[in-house]
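The values are calculated or read from the model by the stated rules, or taken from the named source; none is laboratory data. This is a predicted model, so every value here is computed, not measured. A quick note on method: Cβ atoms are made from the backbone with ideal geometry, for glycine too, and the neighbour counts reach across all protein chains shown.
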Amino acid sequence: MRASVKSWLLAASLALAPLSVSAEEPVKQYEDCTREPTEGDIAAAKGAFQAGQGSFNEADYPRAITYWEDALRRDCTANALLLNLARAYELYGQKRQAVVALQTYLKREPNSPQRDQINRRIEVLNTQIGAEQPAPTPTTPAPTVAPAPTTAPVTPPPQEATSGGGRPILPLIVAGAGGALAIVGGVIYLGASSDVSDFEDQCPDRDCPEGVSIDDANDARNRQNLGGGLFLGGLVVVAGGLTWYFVSDPAPAQAAKHQRRTARRTSITPALGPGFAGIGVRGSF
């Protein structure tokens, strides 16, 4: 019976598709497989699998997930379906459910030759999940209000300083540009790392199945190297800008005021787009 299941289930290597953003839903666990499917179960599972494959090829990931979950429910011995489901969940943005599917596959197939590759894929997904977690909002204690004095003291108007000043603002602008560059590089690196991991799963020993291009895999590796280079370069620029700032002598008061006005008129933002990453600088007079 189990051999007949493997005869209809396709290999779990799936074609890459653009990521689709979806809100995370509660994670469900897969029950242990404790029964053998009947011939009717296998036939129904085949039909559901083929329908899900068609939806996946059309990038309709929610429908593909529905069909493949139904196929696995009818034939729980078709463990390779868990790899298909993991990929569909990942592309649909439900990375926690993708991790559960991969972990369930390893539990049911402990001697799988793809075990190391699947573990690396789980590590990448967990890293991405951690990076997407929102930072906790710090709580600020309420300020203590001092009692008002009986007689308000008369405070003379502040005098504008005529001497002294602050350090030049330009090094901080340079450091900010480096930070934006590091952010762009980090985004590119994380996205490319996921693609590289998927190609490694599909092309062990650089032997890709039909329909998977080795050129796409090389392109993903190049983007990973580019992102890493931009990230490290941005950190170097940040360190250089901060070092420049702290070793600079304070500027005269008027020059410092002019630099602050210039800094307020200048903004630096990272620019991202398909096939492009860079930094945008905007200023006004």
How about the stretch 26-61: which of its residues are of a type in the set (Gly, Ala, Ser), farther than 15 Å from Ala78 by Cβ and free of Cβ contacts under 8 Å to residues at least 24 places away in the same chain? Gly54, Ser55
Would you mind telling me which numbered condition in (1) at pLDDT below 80; (2) surrounded by 18 or more Cβ atoms within 10 Å (Cβ to Cβ); (3) charged (D, E, K, R) Asp207 fails? (2)
Do the conditions hold for Ala98, that is, is it at pLDDT 95 or above and closer than 18 Å to Cys203 by Cβ? no
Against the condition more than 18 Å from the chain's Cα centre (by Cα), at pLDDT 85 or above and surrounded by fewer than 17 Cβ atoms within 10 Å (Cβ to Cβ), how does Gly233 come out, does it pass? yes
Output the residue which, of all residues in the stretch 89-107 that are more than 19 Å from the chain's Cα centre (by Cα) and hydroxyl-bearing (Ser, Thr, Tyr), is nearest to Asn57 (Cα to Cα). Tyr105
